[in-house]
Amino acid sequence: MILVLVEHEGGVPARTSVEAATFARELGGPIHGVAFGDGGAEALAAGGEYGVSAGTHVRISEGFAPGAWAQALADAVTNETSAVIAPGTDRGNEILAHLGAKTQAPFVANCVAAALSSDGWTLTRQRWGGSLLEDARAQGPLILLSVAPHAVAPEPGGEVVSVTIDTIEPTVSSEDLRVRATWVEATEAGVSLADARLVVGGGRGVGGAAGFAALDTLAAALGGAVGVSRAVTSAGWRPHAEQIGQTGTRIAPELYIPCGISGASQHMVGCRGAKKLLTVNTDPDAPILSKSDYAVIGDLHQVVPAIIAELANRRA
């Protein structure tokens, strides 16, 4: 049996959780999902499309507390459990680190492939922000794996099964509550950056906070989301939640339109999963152009409004 941590938003499984379930299904054996908080049961039920056959909904009033969540996962581990798999998100990796300390099981982060044989586990994982792949081996009755975001295509598992779900309310210790989230900043409703099929990016070349108005308009017209480079968040022009990169969100849209972004390696790690890049930049030698499928060499303050106008004309 494989345990899979199912992160969700309002009962809807996160894309990275669906990727983790797909990864687990390819290893074989039954998949048991574990989801926390309000909406957890709905998220587990949705997992039936991706191979989850049973689930545990953990009701915990303290909110996100990595130690407490790890203890709940530890309690769900049985002698039949061969692996615990989580999305390779900040939260998923943190929980598995705590779980590893509690169970003394090896933890391998950011995996893209895994196989189990009589000699143990053979693993491939991303290192250095995804710039290289490392082959590794691990042994033990239990292994903890996180799946690199957007490295596995989320695919349904064939016949949709009805998930058997148990709900528990664990007793947590004060030690496990030493670190916990006490406040969550609400974000504006709209398309999630991590899940958006189209992303419009803005960098230092936008020139300031006011310059993002056109990018917001373009993203809204195309049903997408706006992302930014680290330079933008460092300048205080946009919030960190919109940052794309190694220390921000990793995206996997069908189309990414970076505007005024030079293409630092940290940023390119974050958009590595994009299917196509259409770059707008005044510098024909910008590093990001070598990774782009299409490019417009020009001032984004002229190019982006022209695209918006053309979209309006076509829709009219």
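Taken together, the values in this text are just the output of simple stated rules run on the coordinates, not laboratory data. Predicted model only: the values in this text are computed from it and were never measured. Neighbour counts run over all protein chains shown; Cβ positions are idealised from the backbone, glycine included.
Numbers below:
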quantity	calculated
Rounded to the nearest 20 debye, dipole of region 235-304 from Cβ charges on Lys, Arg, Asp, Glu	300 debye
Alpha-carbon gyration tensor eigenvalues x 5, square-rooted, for region 2-177, Å	23, 19, 15
Using alpha-carbon coordinates, inclination of helix 15-25 to the longest axis of the chain, degrees	40 degrees
Most to least packed among 140-147, 5-12 [average Cβ atoms within 10 Å]	140-147, 5-12
Percent of beta bridges antiparallel (DSSP, region 2-177, rounded to nearest 5)	35 percent
Label zone at residue 27 (point 7 Å along Cα-to-Cβ), backbone N below 11 Å, region 110-127	111, 113-117, 121-123
Degrees, to the nearest 10: 300-315 long Cα axis against longest axis of the chain	80 degrees
Cα long-axis angle, helix 66-76 against the chain (0 to 90 degrees, to the nearest 10)	40 degrees
Stokes-Einstein translational diffusion, the chain - Kirkwood Rh over all Cα pairs, 0.890 mPa s, 25 °C, in µm²/s	118 µm²/s
Whole-Hz couplings from phi, Karplus 6.51/-1.76/1.60, listed for region 32-43; x for Gly and Pro	10, x, 10, 10, 10, x, 4, x, x, 5, 5, 5
Under-5 Å amide H pairs with residue 298, H placed in peptide plane, nonlocal only	281, 282
Amide H partners (placed H, <5 Å) of residue 110, local residues excluded	146, 147, 148
Other-chain or far-sequence residues with amide H under 5 Å of residue 4's (modelled H)	32, 33, 34, 85
Protection-proxy order for peptides 281-289, 230-238, 69-77, each taking the mean of Cβ atoms within 10 Å per residue, highest first	69-77, 230-238, 281-289
Region 148-279: equivalent-ellipsoid semi-axes (sqrt of 5 x gyration tensor eigenvalues, Cα, Å)	32, 22, 14
Length added when fully stretched, residue 162-residue 306, from 0.36 nm per residue minus Cα-Cα	46.9 nm
Cα centroid of region 266-298 to Cα centroid of region 43-82, whole Å	39 Å
